[in-house]
Amino acid sequence: MENMNWSDLSFGYIKTDYNVRCYYRDGKWGELEVSSSEIINIHMAATCLHYGQESFEGLKAFRGKDGKIRVFRMDENGKRMQASSRGIKMAELPVEKFEEAVRKVVKLNERFVPPYESGAALYIRPLMIGLGAQVGVKPAPEYMFMVFVTPVGPYFKGGFKPSKVCIMRGYDRAAPYGTGTIKVGGNYAASLVAGEIAHEKGYAAVLYLDPKEKKYLDECGPANFFGIRGNSYITPQSHSILPSITNKSLQQLAEDMGLTVERRPVPFEEIATFDEAAECGTAAVIAPISQIDDLDENKSYVIAKDGKPGPVCEKLYHKLRAIQYGDEPDTYNWVTVIE
Ligand code: PLP
Ligand code: COI
């Protein structure tokens, strides 16, 4: 791509050449179709529009020093999309079909995969929607799965620079045994009010507490949470958080570095004891947290006193990126080279 300022990309939408689509009709998935249109034409009574039958995924492709394009753990995204389908009664897409669609859309839009030096990536956005004219509240008869891509830079301004997050007990992104563990659009709609308040007050994100008791840490609006204390990597276990593929990978890398991984309910007061804390996710990668403000209790927990990422976050960040960009061996088979 000529004229593209790759290093200045933010996390936004840029038109690319192609997307791929696949329809579920009469009880089965059809063939993948390639489209160059950014528009989808659907019935006004489609269930995705009225009853939120919609799920999505997010993953990335990276261009290595060797020029090769690598996609990170797409089988995990394929499996999570199946879990989302089960959670809101949509048709399940076979993981092989998911992977075929990802390969195809990345290959077709190869010229949009940012160069190695830019530190940017190609964001891959699969989504599934319920189609067909229906007014009763029941699962749709037909579904559409599609994948588009767009080149992106950092999700949070400043990238790998610590930022502040806040706690507000008046808002939840998901119910205690609701849809928090799956990736459906409704969770994100539910996070918009609190997200906007947080942004207006100068916070990068909301750190949600568990919706049942407000005792434990859940996760941030668009990313999981972890804290580092001494030799431990501590991350919440909860019925209302999304199982992050980045977090799962970091837990493995942390163990490999000799850290102890604690995945358990984390009482929110424990943040006072963390040496480091961060958000993690595909878009966020690792976004270190400098300070957590509890807006209800009027209390501030300062984590990064010098405003810099801590040494463990730093190490994990570089390790993860090195695997994703192909700078270090992919010992866990996390990466698919797109040929
Ligand atoms: N939590 C939420 C609510 C998210 O939207 C995301 C983004 O996908 C994550 C966590 C991180 O998940 P992953 O690492 O699989 O991208
Ligand atoms: C991701 O990290 O891929 C996400 O989906 C987070 C956000 C953009 C919703």
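Data table
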item: Test: residue in segment 274-288 that is free of Cβ contacts under 8 Å to residues at least 40 places away in the same chain, of a type outside the set (A, V, I, L, M) and away from ligand 2 (no atom under 14 Å from the Cβ); result: no
item: Within segment 94-105, considering residues that are under 24 Å from ASN247 (Cβ atoms) and β-branched (Val, Ile, Thr), the one nearest to ligand 2 (Cβ to nearest atom); result: VAL102
item: Boolean, PHE72 is open to solvent by less than 50 Å² (accessible area, probe 1.4 Å), assigned by TED's automatic domain parsing to the domain that holds PRO141 and within 16 Å of ligand 1 (Cβ to nearest atom); result: yes
item: Condition met for TYR233 (in contact (Cβ under 8 Å) with a residue 40 or more places away in the chain, in the same structural domain as GLY178 (by TED's automatic domain parsing) and part of a loop (DSSP other than H, G, I, E, B)); result: no
item: Breaking point among (1) within 16 Å of ligand 1 (Cβ to nearest atom); (2) over 18 Å from TYR13 (Cβ atoms); (3) open to solvent by 30 Å² or more (accessible area, probe 1.4 Å); (4) aromatic (Phe, Trp, Tyr), for TYR116; result: (1)
item: Count of segment 265-281 residues which are open to solvent by 60 Å² or more (accessible area, probe 1.4 Å) and either within 22 Å of PRO176 (Cα to Cα) or within 22 Å of the chain's Cα centre (by Cα) (or both); result: 2
item: Segment 190-234, residues that are farther than 13 Å from VAL165 by Cα and surrounded by fewer than 14 Cβ atoms within 10 Å (Cβ to Cβ); result: LEU192, VAL193, GLU213, LYS215, GLY230, ASN231
item: Test for GLU33: is it among the charged types (D, E, K, R), within 16 Å of ligand 1 (Cβ to nearest atom) and modelled with pLDDT of 95 or more; result: no
item: Filter result for LYS97 (within 28 Å of ALA223 (Cβ to Cβ) and more than 20 Å from the chain's Cα centre (by Cα)); result: yes
item: Residue list for segment 199-227, filter: within 12 Å of ligand 1 (Cβ to nearest atom), among the charged types (D, E, K, R) and in contact with a Ser or Thr (Cβ under 6 Å, 6 or more places away or on another chain); result: ASP218
item: Some residue of segment 32-54 being open to solvent by less than 30 Å² (accessible area, probe 1.4 Å), within 16 Å of ligand 2 (Cβ to nearest atom) and closer than 25 Å to ALA223 by Cβ; result: no
item: Cβ-Cβ under 7 Å pairs, at least 6 apart or on other chains, segment 214-225 side farther than 14 Å from PRO265 by Cβ and assigned by TED's automatic domain parsing to the domain that holds ILE289, far side open to solvent by 10 Å² or more (accessible area, probe 1.4 Å) and of a type in the set (Lys, Arg); result: GLY221/ARG173
item: Test: residue in segment 242-257 that is in the same structural domain as GLY310 (by TED's automatic domain parsing), open to solvent by less than 20 Å² (accessible area, probe 1.4 Å) and either at pLDDT below 95 or more than 14 Å from ligand 1 (Cβ to nearest atom) (or both); result: yes
item: Identity of the residue in segment 81-93, outside any loop (DSSP other than H, G, I, E, B) and more than 24 Å from PHE112 (Cβ to Cβ), that ends up farthest from ligand 2 (Cβ to nearest atom); result: ARG86
item: Strands (runs of 3 or more DSSP E) fully within segment 1-67 counting 1 or more residues that are more than 30 Å from PRO329 (Cα to Cα); result: 19-25, 33-35, 54-56
item: So LYS305, is it modelled with pLDDT of 95 or more and either assigned by TED's automatic domain parsing to the domain that holds LYS201 or more than 16 Å from ligand 1 (Cβ to nearest atom) (or both); result: no
item: Which listed residue is within 26 Å of GLN82 (Cα to Cα) and surrounded by 15 or more Cβ atoms within 10 Å (Cβ to Cβ), from GLN237, GLN324; result: GLN324
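The values are calculated or read from the model by the stated rules, or taken from the named source; none is laboratory data. Values in this document were obtained by computation on a predicted structure and should not be read as measured data. Cβ atoms come from the backbone with ideal geometry, glycine included; neighbour counts cover every protein chain shown. Calculation scope for accessible area: heavy atoms of the full protein, side chains included, ligands and nucleic acids excluded. Shrake-Rupley method; radii C 1.70, N 1.55, O 1.52, S 1.80 Å.
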